[in-house]
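Student: Next up is a structure, given as structure tokens.
Nothing in this text is a laboratory measurement; each read-out follows from the coordinates by a stated rule. Since this is a predicted model, take the numbers as computed values, not measurements. Methodologically, a virtual Cβ is constructed for each residue, glycine included, from the backbone with ideal geometry; neighbour enumeration extends over all protein chains shown.
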Amino acid sequence: MKLFKQLLVTFLMLCFGNAFAQQVIYQVSIPPEKIDLAAITPLNFSKMSERVIGQMVFNYKPNGYEATMNGNMATFEITNNLAVITMQKLVIMMPFDGDYWHNRVGQWRTVPITTSFGDKGVAKMFYAGLTPRGRLYREEMWLNGRIFIHGDTVIDHNDQIVWSICTDSEGTLRLTRM
């Protein structure tokens, strides 16, 4: 399921510190085809027309989460300063330093990533600062020297996703907390 993998890869770049353990439901949708991520603000984000394709359930845990959509599950776990995301045979790993992500406003953070399929690259994250709904991050993932995915995410004071939008070669997806 390509759409689930697109979301999964975007979540790799999200930074969870000590998210409160609970289940949260998100709506997964496809925004209009022509979308300028740079023009998205918290005010106009909710007004975009979209095609809803389903729901995703997140079970947040203190060291990550499990996400399920249409029977497919992905896990994100931080152990010993290593973030590991797993979905079926795909495993993505990256070093993780929780302190950096929340206090370096206006700076890009780049960390190396590897996959179980032998891909190598970097995950880049830019903490843009606080919005009325939470912390705004811009993310990019580069694999084998090419940009794989980019997007924006807002995370609330509980270290849970408020909304996320990501684009890759196959299109754009939006995740919105219900």
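Student: For the residue pair GLN23 and VAL91, what label-to-label distance in nm results when each label sits 7 Å from Cα along the Cα-to-beta-carbon direction?
Tutor: The answer from the label model is 2.8 nm.
Student: Pull out the extension gain between HIS157 and GLU77, defined as 0.36 nm times the separation in residues minus the alpha carbon to alpha carbon distance; nm, one decimal.
Tutor: Gain on extension, HIS157 to GLU77, equals 26.9 nm.
Student: Just to confirm a number: summing +1 for Lys and Arg and -1 for Asp and Glu over residues other than GLN55 whose beta-carbon lies under 13 angstrom from that of GLN55, what do you get?
Tutor: Charge balance in the 13 Å sphere: +2.
Student: Net charge within 15 Å of GLN160 by Cβ-Cβ distance, Lys/Arg positive one each and Asp/Glu negative one each, not counting GLN160 itself?
Tutor: +1
Student: Sticking with this structure for a sec: How much net charge surrounds TYR127 when only the other residues with a Cβ under 11 Å from the Cβ of TYR127 are counted, with Lys and Arg +1 and Asp and Glu -1?
Tutor: With Lys, Arg at +1 and Asp, Glu at -1, the net is +3.
Student: Which shape class, rounded, prolate or oblate, goes with region 81-178 when its Cα gyration tensor gives a ≥ b ≥ c as root eigenvalues, a/c under 1.5 marks rounded, and past that a/b bigger than b/c marks prolate?
Tutor: Prolate, since a/c reaches 1.5 and a/b exceeds b/c.
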